[in-house]
Amino acid sequence: MKYLISTPSQLSHALKDVRKTQGISQEIAGKNVGLLPKTISALENHPGSATIDSLLKLLSSLNLEMIISPKNENEDTDVPNTHEDW
């Protein structure tokens, strides 16, 4: 599944959804990359206050990658762009 992330709230929901879909607890996700469970919780609930380093570590733990692309490249995809679409 791909997620179009435009807001911290969308990032929050996507991170939590992926982690739960993979059946990984916050504790295990954190242990995989040296983060505390409370850091994983903060990333999932308040990603706007997280550090980029912690975000990238969590993405790595969940076997995800960040791709930066111009908006017009996403127009032809079936990627949901709002929380209601998930």
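The values are calculated or read from the model by the stated rules, or taken from the named source; none is laboratory data. Because the structure is a prediction, the values reported are computed rather than measured. Positions of Cβ are backbone-derived with ideal geometry, glycine not excepted, and every protein chain shown enters the neighbour counts. Areas reflect the complete protein model, heavy atoms only, side chains present, ligands, DNA and RNA absent. Shrake-Rupley method; radii C 1.70, N 1.55, O 1.52, S 1.80 Å.
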query: Which of the residues that make up segment 34-51 are assigned to a loop (DSSP other than H, G, I, E, B) and among the small types (Gly, Ala, Ser)?
result: Gly34, Ala50
Enumeration of residues in segment 34-48 that are over 20 Å from Ile68 (Cα atoms) and either over 11 Å from the mean Cα position of the chain (by Cα) or open to solvent by 80 Å² or more (accessible area, probe 1.4 Å) (or both): Gly34, Leu35, Leu36, Pro37, Lys38, Thr39, Ser41, Ala42, His46
Residue, surrounded by the fewest Cβ atoms within 10 Å (Cβ to Cβ), within segment 8-33, restricted to residues that are in a loop (DSSP other than H, G, I, E, B) and small (Gly, Ala, Ser): Gly23
message: Criterion first (of a type in the set (Ser, Thr, Tyr) and in a helix (DSSP H, G or I)) does Ser69 satisfy it?
response: no
task: Just need a number here: residues in segment 52-64 that are in a loop (DSSP other than H, G, I, E, B) and over 9 Å from the mean Cα position of the chain (by Cα).
output: 1
